[in-house]
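The values are calculated or read from the model by the stated rules, or taken from the named source; none is laboratory data. From a predicted model like this one, the values you see are computed outputs, not experimental measurements. Here the Cβ positions follow ideal geometry from the backbone for every residue, glycine too, while neighbour counts run over all protein chains shown.
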Amino acid sequence: MDKMRQLRLGKDAMDRDWAEPGLDLGVVAAHAGYSRYHFIRAFKEAYGETPGQYLTHRRIERAEEMLRSADLSVTEICHLVGFSSLGTFSARFKARTGLTPSEYRSEHVGRGAALIPGCYAMLWAGGFPSATLKKRAAARPAYGEEEEQGDTSIPNSSDRRAGP
């Protein structure tokens, strides 16, 4: 199988499972048939960003959509898109869009249809925070949260869950 096809398999896994807080670099790299660290190098060479940066961008894009269309709190959206830390989510969101999530919502809501009630959005997204938060290990950040903005190095080696 050629290199780009293998990398697309890993990228497809991230596109499909972007909201899973347990999304792990090892699993994504296995989809592509690479070791964890070789996958990071090959992915960056092919796409210009690390798998962690790519996943963070996908999650921020989904958060933008939810902020525009769903009547959910920023904290609920943070957890629904796969972040375990509101602070990290807000910092990454602002670095990507130039606005905090609340500022983004204020600027973009009210230009179209009414917001989807939060209860419907939560059910559509797979559940309520109390059910999904129990599955997460509180002491460990979700994948993509351990990297600093612009950092293209390998995630913190003490975090065994480091991922794409």
Answer with yes or no whether Leu86 is free of Cβ contacts under 8 Å to residues at least 24 places away in the same chain, over 11 Å from the mean Cα position of the chain (by Cα) and surrounded by fewer than 16 Cβ atoms within 10 Å (Cβ to Cβ).
-> yes
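Here is a yes/no grid of residues against (1) charged (D, E, K, R); (2) on the phi > 0 side of the Ramachandran plot; (3) outside the structural domain of His108 (by TED's automatic domain parsing):
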site: Tyr47; (1), (2), (3): no, no, yes
site: Ile60; (1), (2), (3): no, no, no
site: Glu64; (1), (2), (3): yes, no, no
site: Asp71; (1), (2), (3): yes, no, no
site: Ile77; (1), (2), (3): no, no, no
site: Val81; (1), (2), (3): no, no, no
site: Gly87; (1), (2), (3): no, no, no
Among what's in the stretch 6-50 and is charged (D, E, K, R) and more than 23 Å from Cys78 (Cα to Cα), pick the residue that is surrounded by the most Cβ atoms within 10 Å (Cβ to Cβ).
-> Arg36
Of (1) closer than 19 Å to Ser85 by Cβ; (2) modelled with pLDDT of 90 or more, Asp24 satisfies all except one. Which?
-> (2)
Please tell me if Arg58 is under 24 Å from Arg8 (Cβ atoms), modelled with pLDDT of 95 or more and in a helix (DSSP H, G or I).
-> no
